[in-house]
1. Would you pick out the residues in the range 74-92 that are among the small types (Gly, Ala, Ser) and touching a residue at least 12 places away in the same chain (Cβ under 8 Å)?
2. Does ASP153 qualify as being more than 30 Å from ALA23 (Cα to Cα), at pLDDT 70 or above, out of contact with any Lys or Arg (no Cβ under 9 Å at 6 or more places or on another chain) and not assigned by TED's automatic domain parsing to the domain that holds LYS26?
3. Can you pull out every residue in the range 17-34 that is within 23 Å of ASP68 (Cβ to Cβ), in contact (Cβ under 8 Å) with a residue 24 or more places away in the chain and not acidic (Asp, Glu)?
4. Six or more apart or on different chains, Cβ atoms under 7 Å: show the pairs whose first residue is in the range 40-61 and within 20 Å of PRO10 (Cα to Cα) and whose second is assigned to a helix (DSSP H, G or I) and hydroxyl-bearing (Ser, Thr, Tyr).
Amino acid sequence: MEFFQQYQHPEWQKKRLQVLERAGWKCEQCGEADKQMHVHHKRYIKGRKVWEYDLENFEALCGACHEDNHEAKDRINDILAWIPGYMWGEAADLLFGWAGAIPQSDQEGHSAYFYAGKLAGICQDLSREDIKTLIEQALALRSKPCPPSGLID
């Protein structure tokens, strides 16, 4: 089944209705109720059908907010493309550190990545100013010089 054909499938239609009903048929971002609603995937996972996700992966959004979210995601992907691969660990640490007191590890040996769910919860509450600051910090990483040859694994 082609990707876009999946949106015609009855399983997608059921999932879509669940998301819209959970949101009370209002945009979960701006609260608008009198516009056409979209169901937004927060992320896609290769190999999954569009309906094969937990409800937490979806948001009910009006058309304008849906477009804004995709534009913001494109900007984030552009920033990630600027960051050299050897710095991705540092960029992830920046995100974890910036989000607040998420430990790098705990007594049970969980890494910071174990706390990704907490980070996601924090990020949902960020204001547009907070997001702007985060993007500025990520852009600052772009200007950081490369390490001398031989220091990269």
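The values are calculated or read from the model by the stated rules, or taken from the named source; none is laboratory data. Not measured: the values here are computed from a predicted model. Here the Cβ positions follow ideal geometry from the backbone for every residue, glycine too, while neighbour counts run over all protein chains shown.
1. Within the range 74-92, ALA91, ALA92 meet the criteria.
2. When the stated conditions are applied, ASP153 does not pass them.
3. Hits for the range 17-34 are VAL19, LEU20, ARG22, ALA23, TRP25, LYS26, CYS27, GLN29, CYS30.
4. Taking only residues 6 or more apart or on different chains, the pairs are VAL50/TYR7.
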